[in-house]
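The structure appears below as structure tokens.
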């Protein structure tokens, strides 16, 4: 049994935390605004702490961070790095901008704390099932130290090299997945407006090279009247595509595609749909 701390037990973090518990680790979670996943994970065996300082005497082997963006991760890291024991390894699930994980790593490095970036592919369902894809950036030594924890919630994980390489790979993968999500939305909206049978449109699309996880995730639910198949919000899409644009600024054609997709999601945010899932935008005017 290992002692594991977790910051960010939210929509994605809950499933990861649940699998850490399932693998017979002692889990300590910190309170956040969204009480529902915290209360749920505590009922399943986690212990809640009310401040970072309470982690001090928990003898943590690992600390997970699964927060919204780079500024939040860096702010937390400045505080928590002064509290953690230097035998604790920090495993950061946050989707960072292109230099965010490097900057976060440097904060921990000043206090001799090991750091691993591991943004993931997959959503809340895959997190609960323990079948996420891990994208790892770290020293080889820290990667080896983190592996027993990664196995708790990842079906597969891939070591890309030093810290920073994982963030770049994650952003490129999100460039693809968010672009596919936007295209599937445009397909569904256009098909409806043109009076086409959505079931038949879906059946045809699956037969061609346009078939994708995004297509199936959206339409499998949409055809049952459920628009929540792609569980990633418009506001998070804008954030990631802003990071992606910065990453791709030396690749103007790719950067333009990212900009077009960002503008689509930004329009939804401006209309008040920022917390709606990507697929829910199909049903919004």
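Quick note: the coordinates plus some simple rules give every number you see, no bench work behind them. Since this is a predicted model, take the numbers as computed values, not measurements. Cβ placement follows ideal geometry from the backbone for every residue including glycine, while neighbour counts extend to all protein chains displayed.
Largest mean-square fluctuation among 56, 68, 95, in a Gaussian network model of the chain whose springs join Cα atoms under 10 Å apart, belongs to 56. Computed from the C-beta positions of residue 189 and residue 242 and an R0 of 22 Å, the FRET efficiency is 0.40 to the nearest 0.05. Overall dimensions of segment 1-103, expressed as equivalent-ellipsoid semi-axes from the Cα gyration tensor (√(5λ), whole Å, largest first), are 20, 16, 12. Measuring r between the beta carbons of residue 221 and residue 260 and using R0 = 30 Å, the FRET efficiency lands at 0.75. Relative to the longest principal axis of the Cα atoms of the chain, helix 198-207 runs at roughly 70 degrees. Among 204, 49, 218, 67, sorting on how many other beta-carbon atoms sit within 10 Å of each Cβ, with the fewest leading, yields 204, 49, 67, 218. Would you please state which residues of segment 1-34 a label at residue 72 would reach in this model, taking the label point 7 Å out along Cα→Cβ and a backbone N cut-off of under 15 Å? Residues 6-15, 30-34 fall inside that zone.
Once the convex hull of all Cα atoms in segment 230-275 is built, its volume per residue stands at 60 Å³. A Förster distance of 35 Å, applied to the separation of the beta-carbon atoms of residue 197 and residue 275, puts the FRET efficiency at 0.65. Remark: segment 186-265 is approximated by an ellipsoid whose semi-axes, taken from the C-alpha gyration tensor as √(5λ), come to 27, 15, 12 Å, largest first. Normalised by residue count, the chain yields a Cα convex hull volume of 134 Å³ per residue.
Relative to the first principal axis of the alpha-carbon coordinates of the chain, what is the inclination of helix 165-193, with its axis defined by its Cα atoms, in degrees from 0 to 90 and to the nearest 10? In the chain, helix 165-193 runs at an angle near 30 degrees to the longest axis. Exposure proxy ranking for 12, 1, 165, based on other Cβ atoms within 10 angstrom of each Cβ and starting from the fewest, stands as 1, 165, 12. When the chain is treated as a Gaussian network with alpha carbon springs shorter than 10 Å, the biggest mean-square fluctuation among 244, 72, 89 belongs to 72. Against the chain, whose longest principal axis is taken from its Cα atoms, helix 13-22 shows a tilt of about 50°.
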